[in-house]
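We did not get these values from a lab; they are worked out from the coordinates using the rules stated. What you see is a predicted model; the values in this text were computed from it and never measured. Reconstructed Cβ throughout: ideal geometry from the backbone, glycine too, with neighbour counts over all protein chains shown.
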Amino acid sequence: MICKNCSWRWVIEKNDENPFLCHKCGYDSQIGDFNMDTLKKWEKDNNYPFNEYKQDGFVIRTFKEDVNETELVWHRDREDRIVESIGFTDWMIQIDNELPKPLLETIYIPKNTFHRLIKGNGNLNVKVKKL
């Protein structure tokens, strides 16, 4: 199945509780809107590509070095965000049709802009804040 919102493709399994919900962006094609409660349950129940916790108004996300690259898909957020690496990393970020750039400074990602991470060596720790 292909998401009508973000074009992510996934396989419907027999035990899938909501075959219309995109597991990446939360868009429910059956109701034509976002169903974030179901998405949060899926994130909790599955091996999501990152762990996160809140600290000082930021969300700290850790992408493990053994994350499967197929989980680092193109997606878009519904809010403006800033992303900043915690410590040195050779991971990169690609925004829309721009060339990938290193996560060495604070990156501004406008809402509805497609972006993806490109895996580097080691873990990636980033601070994410909605604006």
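I'd like to compare 118-131, 68-81: which one has the highest average count of other Cβ atoms within 10 Å, and what's the full order after that? The partial results should precede the final answer.
Details: 118-131: 16.1, 68-81: 13.9.
Sorting 118-131, 68-81 by mean packing, highest first, produces 118-131, 68-81.
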Return the FRET efficiency for the residue pair Asp56, Arg78: r is the Cβ-Cβ distance, R0 is 25 Å, and the value is rounded to the nearest 0.05. 0.65
Inter-label distance, nm, simple model (7 Å from Cα along the C-beta direction), Arg116/Glu69: 1.0 nm
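Output the relative contact order of segment 51-130, whole-number percent, from Cα pairs under 8 angstrom with separation of 6+ residues. Don't skip to the end; give the middle numbers.
Values: 171 pairs, mean separation 34.5, N = 80.
Computed over segment 51-130, the figure is 43 percent.
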What residues have an amide H closer than 5 Å to that of Arg81, excluding those fewer than 5 places away on the same chain, when H is modeled at 1.01 Å from N in the peptide plane? Ile109, Lys111, Leu131
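Listed here are the pairs Lys101/Lys130; Lys4/Lys64; Lys4/Lys54; which of them are more than 27 Å apart at the Cα? Mind dumping the intermediate values first?
Working: Lys101/Lys130 21 Å; Lys4/Lys64 29 Å; Lys4/Lys54 31 Å.
Too far apart for the 27 Å limit: Lys4/Lys64; Lys4/Lys54.
Relative to the present Cα-Cα distance, how much length would full extension add between Leu104 and Lys130 at 0.36 nm per residue of separation?
Length gained between Leu104 and Lys130: 7.4 nm.
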Under 5 Å between amide hydrogens, which residues at least 5 positions from Ile86 or on another chain qualify, with H placed 1.01 Å from N in the peptide plane? Asn125, Val126, Lys127
Karplus (6.51, -1.76, 1.60) ³J(HN,Hα), θ = phi - 60°, over segment 115-122, in Hz, Gly and Pro reported as x: 7, 8, 8, 10, 5, x, 8, x
How large is the Kirkwood hydrodynamic radius of segment 89-131, counting all unique pairs of alpha carbons, in Å? 11.2 Å
